[in-house]
């Protein structure tokens, strides 16, 4: 496939006339091998650049960004000592300037002409990127065709958000090396952008011309102010009213029944009607993903957040939410912690998978780790109980600084039918068990588990857009408060359950 050069990509993505190069002439060893020196000179003449990466700063739709862009035309984009020096210097400069960093690697990996001294540069580059992220600054990656070897195994795989070019060869092992070592061809379709997306390793497959839009939306969330956020009026008494006002209290079993309506709005409609600058993410980044979880960057009003929603559309009887969904959620926890963003979790699940596969996948341990990490997360947290709340898979999303619940949302150790089977050895007592177990949002409000309730008039399924907008108004208000007050302590978060 045709490869846009580094300069072509810069011109395509950044605002016209905004690019300023940071590059200085590379320093070469005085005793450079003559053959290698000739290769470097030929590469510079062919590519019209002096190394395999180009670095600098520019503007993306008016927003300043730093960029590191690979150039395949220079020795297949390979990384030697001079190019590693350039990458590290650019990352450190971006960090010092407080700039978000966009990386667009394209490379065959370590430069073989320099061998191990070039190979170990992966350590320096990874440390510089880690320090940039530790400073709370975004690191966004666009993988181009091809990106392999030490580049993919260092700065190509450390992005907060990682997308790739359609049809790109992306992976660790170069196919030519595999063929030479093992005498057979590497299987087709494994090292492709599309396969990495299907396996939850990257977040999206994006054509070069669409990169400005996804970067702009991501940075609108990631670079949104964390302090000085305008106060948002509390919508209580306006578009949202607490239960106990004009909204009638309904029976527990009726609430359970309403929460199960197939036309009840879930997280996708909530984002559609109430959020802005939504950037869906995908998977754990480590080879797993679950359609029962939606992970995204989003804004409610001016308030940014990492959004983790249990997706009723992706959960079925054949494919309930598995342990990989909880590992994906923990990726969201890390993003919120690294970027200093509020975390919004949404409970809406028929329950985590009860199967041999889930046991083999360590489901219980993942629930425990979610609880431990969420209750101690060093970022503001907000939980929304949106619908069904069955078992440990629901509880894993509950610990938060603030908890908001839809009127007909509920939380139970088992579905009422399961509780009936344990206590009465039948399913007929499910309504009675729902009442006895205090599963309703209003019961949890009285117990201090839930802070506020969003009314349904009379049922979210009958007014999906209006309901989602009411929920969004509450989330916007709560997030604006959390951005001012900051995260609570683990003890404060646990105290509501005493």
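Among 223-234, 437-448, how do they line up by average Cβ neighbours within 10 Å per residue, starting with the highest?
Ranked from most to least packed, the peptides come out as 437-448, 223-234.
Semi-axes, largest first, in whole Å: what does sqrt of 5 times each Cα gyration tensor eigenvalue give for the chain?
Its equivalent ellipsoid spans semi-axes of 48, 24, 18 Å.
Tell me the mean residue ellipticity at 222 nm calculated for the chain from its helices only (DSSP H runs of n ≥ 4, each -39500 (n - 2.57), averaged over every residue, nearest 500).
So the calculated ellipticity at 222 nm is -11000 deg cm²/dmol.
Averaged across orientations, what area in nm² does the convex hull of the alpha carbons in the range 252-495 project?
12.3 nm²
For the chain, what relative contact order do you get, as a whole percent, if you take Cα pairs closer than 8 Å and at least 6 residues apart?
11 percent
When only Cα pairs under 8 Å and 6 or more residues apart are kept, what is the percent relative contact order across the range 91-224?
Computed over the range 91-224, the figure is 22 percent.
Distance between the C-alpha centers of the range 400-447 and the range 464-492? Whole Å please.
Result: 24 Å between the Cα centres.
Students often check this: by mean Cβ neighbours within 10 Å, which of 44-51, 98-105, 178-185, 67-74 ranks highest, and how do the rest follow?
67-74, 98-105, 44-51, 178-185
Take the alpha carbon gyration tensor of the range 210-362, find the square roots of its eigenvalues, order them as a ≥ b ≥ c, and report rounded if a/c is under 1.5; if not, report prolate when a/b exceeds b/c, else oblate.
The shape class here is oblate.
Would you mind calculating the relative contact order of the range 252-495 from Cα pairs under 8 angstrom and at least 6 residues apart, reporting the percent as a whole number?
Reported as a whole number, the value is 22 percent.
With axes computed from alpha carbons, what is the tilt in degrees of helix 81-97 against the longest principal axis of the chain, rounded to the nearest 10 within 0 to 90?
Its long axis makes an angle of about 40 degrees.
Largest first and to the nearest Å, give the Cα extent of the range 6-222 along each principal axis.
46, 42, 31
Quick one: which of 53-63, 141-151 comes out on top by average Cβ neighbours within 10 Å, and what's the full order, highest first?
141-151, 53-63
What is the distance in Å between the Cα centres of the range 149-224 and the range 93-107?
The two parts, judged by their Cα centres, are 18 Å apart.
What do you get for Rg/Rh over the range 363-498 if you use C-alpha atoms and the Kirkwood form of Rh?
We get a ratio of 1.00 for the range 363-498.
Where a number appears in this text, it was derived from the coordinates with a stated rule and is not lab data. The shown structure was predicted, so the numbers you read here are calculated from the model rather than taken from an experiment. Note that each Cβ is placed from the backbone with ideal geometry, even for glycine, and that neighbours are counted across all protein chains shown.
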